[in-house]
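Please read the structure below before turning to the comments.
Quick note: the coordinates plus some simple rules give every number you see, no bench work behind them. Everything numeric in this text was worked out from a predicted model, so none of it was measured. Backbone-built Cβ (ideal geometry, glycine too); neighbour counts: all protein chains shown.
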Amino acid sequence: MSQKAPKKELSPIDIYKLLPKTNCKECNQENCMAFATKLVAREVNVDHCKPLQKAEYAKAFNTLHDLLKPPVKEVIIGVGDKACHVGGKLVMYRHEFTYFNPTAIAIDVTDEMTDTEIVSRIKSTEGFTYEYIGNTLKLDMIAVRSTSGDADKFKNCVKKVSETTNLPLILCALNASVIEAGVMVIPKSRSLLYAATLTNWKDMAELALMYNCPLVASAPNDLNGLATLAKTLKAYGVQDLVLDPGTFFNDGLVDTLNNFTMLRRAAIKVGDELSGFPLLGLPLSIWTNKGDLADDLVKWREAYVAGMLITRFTDIIILHSTEGWVQLPNVILRQNIYTDPRKPVAVAAGFKAFGTPNENSPVFFTSNFALTYYTVAADLESSKTSAYLIIVDAEGSAIDSGVAGRKLTAEKVSDAIKATGIENKVKHRKIIIPGKASRISGEIEELSNWKVLVGPRDSSEIAKYLIDKWQP
Ligand code: SF4
């Protein structure tokens, strides 16, 4: 990897200098400085400034595009709605800004599996969904591997896979004629080709260029070799690269995590262009060296290495295990890492009915912090109680921090009671508030004229609380 000076952080002034500075508002911003500030925060696109597209600003336009280019290139795999965007990272650590393009998770099939097995693995991949804080978590891609080394078998396998799914594909073989047999079946699919190595790079580069496919450059545990390979492939004309620095287990795990970290650090902190591509990890490689390990232990290791790679900057991982207990921790981990730390995870304020509530049903309130809301909602659902839940806009704060930080106030609760029209739905005037909001109970009572009942601190105790205490 080449050594350069650390990359300077972009400021709104750097951007402003290149804008037309006419304050014409065509971009729907108050002025050019406001637009520059939003550009730095990636909240608008440079193309929204139409005057900048005039010939006289061509140089400034190109400079801006260059300045705003993420240090890790975004690569698109697949076509249409299901296309996967990987990379496009701006920062090393999530708390510095935000991570774009969550790690794509692929499940493998091989050309030595039966059609039934292939279809079953694809259906299980497509069918994996999990509702988490208002988001549907899913798997993203299928990796088609040539384990036979036979071009015809690979071609038939790719055909079967492409007839079964429209998820983006990764075509995996180190022999270019095997890859070619597969990619010819789906020539316009923009599948990711795995992989160009120091020995086969030219044939793989030809295929990538001919079929307009992104290409993986692979040099396991050899970062200098990987840089040479990336440089050669770029010079040959392949611009959409993905880097595979190798995934090793046991004694090799430290090297694996170091390599991923060094590549991402070189791309973001140093601006090394040859490291500035999405990274691919292969937790499934444990299956080729499993020895006499029991399958469940292999799956467990595959799962935790996948988790380590997700936290260590990996943009695509390929897994073999399809079990929910392998996938679930990692899709949740991925979701937690890829939420925008600048924005609280919030749901819309309003109100919701659970079960079939009537005029005597209890009324609760909670905050609009997504984790709090979904926990309370799940507890109300599982309690089989019919109830109303008012969701108060606490700017995405949890109950205790919202009360402490004045984001959840008695005024807001009282206003929410009025705004939701709950007064027309129940004949009592009692609201059960979270135990953690007890210190504003008096104020709520004063402002709303509703009797306040302090409920449990933990919503899992709602069912018991209602049995013991609720009287309309
Ligand atoms: S459209 Fe361009 S020139 Fe006009 S205010 Fe926005 S940034 Fe400035």
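Points to keep in mind about this one:
- On the principal axes of its alpha carbon atoms, region 185-229 extends 33, 15, 13 Å, with the longest extent given first.
- On the beta carbon distance between ALA235 and MET184, with R0 = 22 Å, the FRET formula returns roughly 0.25.
- Among the listed pairs LYS25/LYS73; LYS21/LYS69; LYS155/LYS188; LYS59/LYS231; LYS21/LYS59; LYS82/LYS269, those beyond 25 Å (Cα-Cα): LYS25/LYS73; LYS59/LYS231; LYS82/LYS269
- Residue order, fewest to most surrounding Cβ atoms within 10 angstrom, among TYR304, TYR99: TYR304, TYR99
- Of the trypsin sites (Lys or Arg not before Pro) in region 13-119, the ones in a loop by DSSP (not H, G, I, E or B) with at most 16 other beta carbons within 10 Å are LYS17, LYS21, LYS25, ARG42, LYS54.
- Taken along its principal axes, the alpha carbon cloud of the chain reaches lengths of 78, 65, 41 Å, longest axis first.
- Mean residue ellipticity, 222 nm, helices only, the chain: the sum of -39500 (n - 2.57) across DSSP H runs of n ≥ 4, divided by residue count and rounded to 500, is -11500 deg cm²/dmol.
- Sparse-neighbourhood loop sites, trypsin sites (Lys or Arg not before Pro) in region 289-318 - DSSP loop, at most 16 other Cβ within 10 angstrom: LYS290
- Each Cα pair under 8 Å and six or more residues apart adds its sequence gap; the mean of these over the residue count of region 21-97 is a relative contact order of 16 percent.
- Each principal axis of the Cα cloud of region 12-68 was evaluated for its coordinate range; sorted largest first, these ranges are 24, 21, 16 Å.
- In plain terms, the chain from ALA419 to THR356 could stretch by 20.6 nm, reckoned as 0.36 nm per residue minus the Cα-Cα distance.
- Short-range pairs are left out: with C-alpha atoms under 8 Å and at least six residues apart, the relative contact order of the chain is 12 percent.
- Degrees between helix 370-383 axis and first principal axis of the chain (Cα, 0 to 90, nearest 10): 60
- Over region 350-469, relative contact order from alpha-carbon pairs under 8 Å, at least 6 apart, %: 28
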